[in-house]
Structure formats: structure tokens, C-alpha cells
Amino acid sequence: MGDARGSAARPAERPFPRIEYYWGVTNRGWGARGRRPGAPRRDSASTGPVTGERGGGDHTALADELRRLDGGRYGQYRGLTGRWRFPGHVLEVARVQADPYAPPSRLAVVVPAEVAELPEDLWRTPVRARALAGYLVRQVGRLLPEHGFRLDVGGQEVLDRSSCRVEDGRVVLRLGMDLPGRGRVIDGRAAERMLCRELPAAVAEGLRWAALDQGEARAFVDSVEDTDALRRALPELGLVAFVADGAVLPRRSGVDDRPLPGGGVPFASPESLRVEVELPHRGRVTGMGVPEGVSLVVGGGFHGKSTLLRALEKGVYDHVPGDGRELVVSLPDTVKIRAEDGRRVTRVDVSPFVAHLPTGADTTDFSTDNASGSTSQAASIVEAVEAGARVLLVDEDTAATNLMIRDARMQALVAKDREPLTPFVDLVRPLHRQHGVSTVLVVGGSGDYLDVADRVVMMDAYRPVEVTERAREVAATPTGRHVESAGFGSPRRRVPDPDSVEAESGGRVRVRARGRDALTLGETDVDLRAVEQVVDPSQVTGIGLAILRCVRAGHLDGTATLAEVLDRLDADLGADGVSVLAERTLDDFVVPRRHEVAAALNRLRTLRVRKLV
Ligand code: ADP
Ligand code: MG
């Protein structure tokens, strides 16, 4: 029978349930085993044999095999590929690394619903299932020994992650493992300890309702559902974002996204912007609503402006309980904009911002391999609108000054026909009026924005104060500045060329994340450092997989505009994007937003655009 810890953890009196073998890897990925909600259950026989499977059997057979392999050549580990039945779960060894220095081997663990016994109300909806999986994976992550296992638990956000899924009550865990060796010799004893004792113990403790802290699990799921409900409530309230009273916005550091110890000054909404929302679990909450239109965040340096904006950036994601930003939300189509000199721009219509260039180039069809600060930001704004952004977030700290403003004196000195740039200050209102795109701007330095703001919030020692009235009074005194633009117009839309997007290298799909900073797609690297809403390396992999999907599923077909490609992708990923993207990979990933997929395509140096429409 099972090892002591494994069997002790499982309910003693119940007969051990039969485990369905409906799942298994294909030669490319984890396969489309996860049912989409409402889809017919896949018949266990239809999956077919696992490609390259050699091993498989009872867990005692696995233990015997590992003891037998001890001291053997490392390559003999390959024989483990296959499925192994344990008391309480099935272990699938999907890919075995060739040597100890290769990327980790890949495992999956399936705990059937009868063993996990997770209450149905905790996984019935996609949001709750994602939250529950987010809770479970963090539990297993805590229980697994640090060394040797590679479980993608994520950070402060609760994302749609391939590493843990709750599907119809069963739990599927996917993880990496460094199969232990002494040099190139198999350490079978260590492997046995890891696969037959440590992993089963973590699974038994972390993935079964009976063993969990049930109150904590429920609170986690309910909290995420509240966040989601709050975000969904925004449009009806005419808001683009909401920051709850008591929220903790400051983080530990620029590289540590956990809350500042002690929390700093808790958020307190100004009365004039206070909004009350009824949530399914917490009930009534109050906080600052950020209405549609143009909102400014002003205030002295070091008073918490950027911290507030960063919280709004991350407000497109749900946060773990205790993060402090559980009730800080923004609309799902909120996009952070910044200057990014050096980036690639491919045939973007930047004419709203750039009327004419000294070179005489057509600014409705603008390309460069090395954009300046201002043109990069102009292109990013047009691209964001093209991809369907409803809200833009801009921080003066990371914006190009000459794109943001040109004051009266500069207007007087440099005639308009010598200055190709129309500053954002003259486009931010047309953007809302013509395209329904709201903007939240952090400006500590430029008073010209007071002319165009629907409301102004001043951060004063980390406390927001509404100063719209005062700002109107100040703005009533003319500066002599004149408006430079009549409107944003309708920028030309781009039809990307599918042949220019290549995810293969030497005949093999290559999608790899270099941290949060870069995506390797085929033979090209895409620089994502300026794509600030990428919060997790697994999102980068997900972006690559989504691009691959766009090519392979024909979403990117040479006739669809980029926006149409993204619409097709969204429809394709639907409520269960993980199973769609999992077809091509054994690696960990997170289902990305369309905006980050667009951002990566836009920065792809091989991208070609077939035509503009
Ligand atoms: P600004 O953009 O106005 O110059 P920042 O947002 O960069 O200011 O904040 C300045 C510093 O204050 C940062 O170190 C930040 O972590 C800290 N901070 C921000 N908000 C709070 C708060 N509510 N309580 C305590 N410290 C905060
Ligand atoms: Mg700042």
C-alpha cells in the first residue's frame, strides 16, 4: 500500500476511487483535456496512447523502478515517461530531461474529484475555479520542499495559470522537477523520496478539502470573486477605476511587489469622489471612484502619485488576500502608456500626433527601427486604441515631455510648421469624445493639463484630495496657449502579415520567457521591458503561445486587421484559455490579455503589415 504519509492523509474508510484516464499528453503539449464549460465530457478512450510513453503502473512499481535505476546512466530516466497510479492521485511523467543540466522534467498530477472533495460552490464559475486553483497551488507550493520541484505558484496576482486547474472538481497540477543525479548518474533514492513521498505528501495535504484550512480557502475564493464583481460594476457606475478605502498601495520595493510592511498610510477617498458598491461577500464597500473622461493626479514629488497610478495599472488583475489591493480595480481594457525610445514601430498611423516630418515621410504609415521617446509614445497610444483600450494610464515620470506638452512660450518661439508634434494635452479630450477612451494622467509639472481635465485629484502626503474646483479657477486665467489640434481622427488600421510572425526555429516551436523582460519567439527576441502590465514571467510564455495560436488557428490570415485578430483570439480562448493554449506546450504559462499580445506583436522586429485600411 501507499507510503505512510500518503495513506494516512487519505480518508481511511472509503474504498479508493477508480481514476479516469481521460487525460494525457500529446506529442506537443498537455492536450485539450480540459473541457470547456458546457462541452461534452471527453471519452477516456479518445485520448489515445501517450507519445513516447514507456513507464507506467502502480506507485510501488515506480518506487521499484527508481531503486533499480539508482546508479544507472542519467539517460535511463527516460523510461519513467508515462502514468503512475498513486493512492489519491495519478502522476504523469510527461517529459524527462536528457541530463541534469537540461530544463526540468515535466510532471502532472491529477487528483480526482472524489478524492479532492472540493465543494462545488467553490469551483462552479470560471472566476471561482481560477481563484480556488490559485489558492491550492499556493498551498502545494508551501508544502513542497524548496529544492528540486518547480511549481509556478505566481505572485500577488491570481491569474489564469496552467500550473493548477480545477476542472469539474478534479485538480490538475503541472510542475517541473529536476530529476536528481550525482553528476550524470541517477540518484534513484532521491528520486524515490521526491516522487513517492514528498510530492504525494504535498498533494495529499494541499489538494484535498479534508486537509485544507477550509475557512481560509473560502475566504480566498470569495475575495477574488469580490474583486471581479467590483471590476464588473465599474461601467454601470460610469467609472474606469475604483480604489477602496483602507487599501494599501505602496509596495516593498521596485522589485518586491508585496505590500509595504505596516502598510503605510491607508487609502482614504475624498468625499466628493466617494462611491459605495455592494459586493457579493464583503457587502458594502466605499472608496474613490475614478469617473470616465480625463482625470489628473497632481501633487508634489514623493506624495504617492505614481504609487496610485501603478495600483490602477495592476487593477486589471485580481490580487491575493492580504495584498492590500484586493479592492483596487480598473476596467479590463486599461493600458499603461509610456515612452520607449529605441522600440520598433511598424506602419502605425501616428498622424494625430505627428503632422509632418522633416524627412517628408508619410506619418499615416510610419515605421522605424529606433523610435524616439515622443514617437514611441505616440505609436503606443495609437496602437493601444487600435487594440481596443478603453483607458490609458500615463505617468509623467515615464512619458516624453515633448509629446505631453508644449506651452505658450514654446508655441510663440517655434512656429507650428516647424514643430511636427501635436502634444497629448490637445488630444486627450478628442480621444475621449471621438473614441470613448478615458485617460488618467499623473502630472506634477504641467499646469496646461488643468485646461483639459474633467477632474483633478491632488495627492497630499498619500491622501487624495479633490481639487477640481480650485483647478478650474486657476485655469480660468489664460496662459496665451492655443489648442493645436481639432481632433484625433480615425487612424488607419493595420492588417498584419502572418508570414512575418514566426514562432519556429529549426523546425521546432520556440516560445520562451526571459523573466518578465523578453519573449523569445522562434529566432527573435521581443523586448517587453516597457510593457509594464506584464507582471509574471508565465504571462510572457502565454503571450508567445497566444501569438502562435493566432498563426496556427488562422486568426492571423493576412486579411484581418490587428483588432480583428485579437477579437478572434479572445473568442477562441473563451472562458477556458488554458486548455486552448496548453495544446502546444508542457511549460507553465498564464493566459494573457489581448493588450499584452498586441504589445508583443507591435514590438516584434520581424513584423510586416500587409496593408492599411
Ligand atoms: P510621486 O510619484 O508622487 O513622486 P511615489 O508614488 O513615487 O510619489 O511615492 C513616493 C514614495 O512614497 C515611494 O517610496 C512610495 O512607496 C511611498 N508611498 C506611496 N504611497 C504611500 C503610502 N500610502 N504610505 C506610505 N508610503 C507611501
Ligand atoms: Mg512619480
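The values are calculated or read from the model by the stated rules, or taken from the named source; none is laboratory data. Given the structure is predicted, the values throughout are model-derived calculations rather than measurements. Note that we place each Cβ from the backbone using ideal geometry, even for glycine, and neighbour counts take in every protein chain shown.
Hey, could you check the range 280-311 for residues that are without any contact (Cβ under 8 Å) to a residue 12 or more places away in the chain and assigned to a strand (DSSP E or B) and say which is nearest to ligand 1 (Cβ to nearest atom)?
Taking the range 280-311 and keeping what is without any contact (Cβ under 8 Å) to a residue 12 or more places away in the chain, we get 283-284, 302.
Next, only the ones that are assigned to a strand (DSSP E or B) stay: 283-284.
Details: G283: 25, R284: 23 Å.
Out of the qualifying residues, it is R284.
Pick out, from the range 102-217, the helices (runs of 4 or more DSSP H) lying fully within it that include 3 or more residues that are surrounded by fewer than 23 Cβ atoms within 10 Å (Cβ to Cβ) and basic (K, R). Break it down into steps so the answer makes sense when it comes.
Numbers: elements: 113-116, 126-143, 188-192, 199-206.
Per the criteria, 126-143.
Go through (1) within 16 Å of ligand 2 (Cβ to nearest atom); (2) under 20 Å from the mean Cα position of the chain (by Cα); (3) buried (at least 24 other Cβ atoms within 10 Å of the Cβ); (4) of a type in the set (K, R) for K305 and report which single condition fails.
Unmet for K305, out of (1) within 16 Å of ligand 2 (Cβ to nearest atom); (2) under 20 Å from the mean Cα position of the chain (by Cα); (3) buried (at least 24 other Cβ atoms within 10 Å of the Cβ); (4) of a type in the set (K, R): (2).
Which of the residues belonging to the range 248-268 are away from ligand 2 (no atom under 16 Å from the Cβ) and farther than 11 Å from T307 by Cβ?
Residues satisfying the conditions are R252, V255, D256, D257, R258, P259, P261, G262, G263, P266, A268.
R529: of a type outside the set (G, A, S), under 30 Å from V354 (Cβ atoms), assigned to a loop (DSSP other than H, G, I, E, B) and out of contact with any strand residue (DSSP E or B) (no Cβ under 6 Å at 6 or more places or on another chain), yes or no?
yes
Looking at (1) modelled with pLDDT under 95; (2) more than 15 Å from ligand 2 (Cβ to nearest atom); (3) more than 26 Å from L159 (Cα to Cα), can you tell me which one E276 breaks?
Only one criterion in (1) modelled with pLDDT under 95; (2) more than 15 Å from ligand 2 (Cβ to nearest atom); (3) more than 26 Å from L159 (Cα to Cα) is unmet by E276, namely (1).
Got at least one residue in the range 332-349 being among the charged types (D, E, K, R), within 16 Å of ligand 1 (Cβ to nearest atom) and either surrounded by 24 or more Cβ atoms within 10 Å (Cβ to Cβ) or without any contact (Cβ under 8 Å) to a residue 60 or more places away in the chain (or both)?
Yes, the range 332-349 has at least one match.
Take residues that are over 27 Å from A530 (Cβ atoms) and within 16 Å of ligand 1 (Cβ to nearest atom) and tell me which of the strands (runs of 3 or more DSSP E) falling wholly in the range 376-471 contain 1 or more. Give the steps one after another, and end with the answer.
Details: elements: 391-395, 438-442, 455-460, 463-466.
In the range 376-471, the matching strands (runs of 3 or more DSSP E) lie at 455-460, 463-466.
Given the options T524, T559, T541, T520, name the one that is touching an Asp or Glu at 6+ places or on another chain (Cβ under 7 Å) and among the β-branched types (V, I, T). Steps first, please.
On the way: T524 fails: touching an Asp or Glu at 6+ places or on another chain (Cβ under 7 Å); T559 fails: touching an Asp or Glu at 6+ places or on another chain (Cβ under 7 Å); T520 fails: touching an Asp or Glu at 6+ places or on another chain (Cβ under 7 Å).
When all the criteria are applied, what remains is T541.
Considering each of G262, G238 in turn, give the residue that is of a type in the set (G, A, S), within 13 Å of ligand 1 (Cβ to nearest atom), loosely packed, with under 14 Cβ neighbours inside 10 Å and at pLDDT 95 or above. Don't jump to the end; show me each part of the working.
On the way: G238 fails: within 13 Å of ligand 1 (Cβ to nearest atom).
G262 is the lone residue from the list that is of a type in the set (G, A, S), within 13 Å of ligand 1 (Cβ to nearest atom), loosely packed, with under 14 Cβ neighbours inside 10 Å and at pLDDT 95 or above.
Out of T375, T401, T364, which single residue is within 16 Å of ligand 2 (Cβ to nearest atom) and in contact with a Ser or Thr (Cβ under 9 Å, 6 or more places away or on another chain)? Even if it seems obvious, please write down each step before you answer.
On the way: T375 fails: within 16 Å of ligand 2 (Cβ to nearest atom); T364 fails: within 16 Å of ligand 2 (Cβ to nearest atom).
Result: T401 is the single residue among T375, T401, T364 that is within 16 Å of ligand 2 (Cβ to nearest atom) and in contact with a Ser or Thr (Cβ under 9 Å, 6 or more places away or on another chain).
If we scan the range 241-261, do we find a residue that is in a helix (DSSP H, G or I) and not acidic (D, E)?
No, because not a single residue in the range 241-261 is in a helix (DSSP H, G or I) and not acidic (D, E).
For the range 265-279: of the residues being part of a strand (DSSP E or B) and either within 16 Å of ligand 1 (Cβ to nearest atom) or in contact (Cβ under 8 Å) with a residue 12 or more places away in the chain (or both), which is nearest to the chain's Cα centre (by Cα)?
Going through the qualifying residues, I end up with L279.
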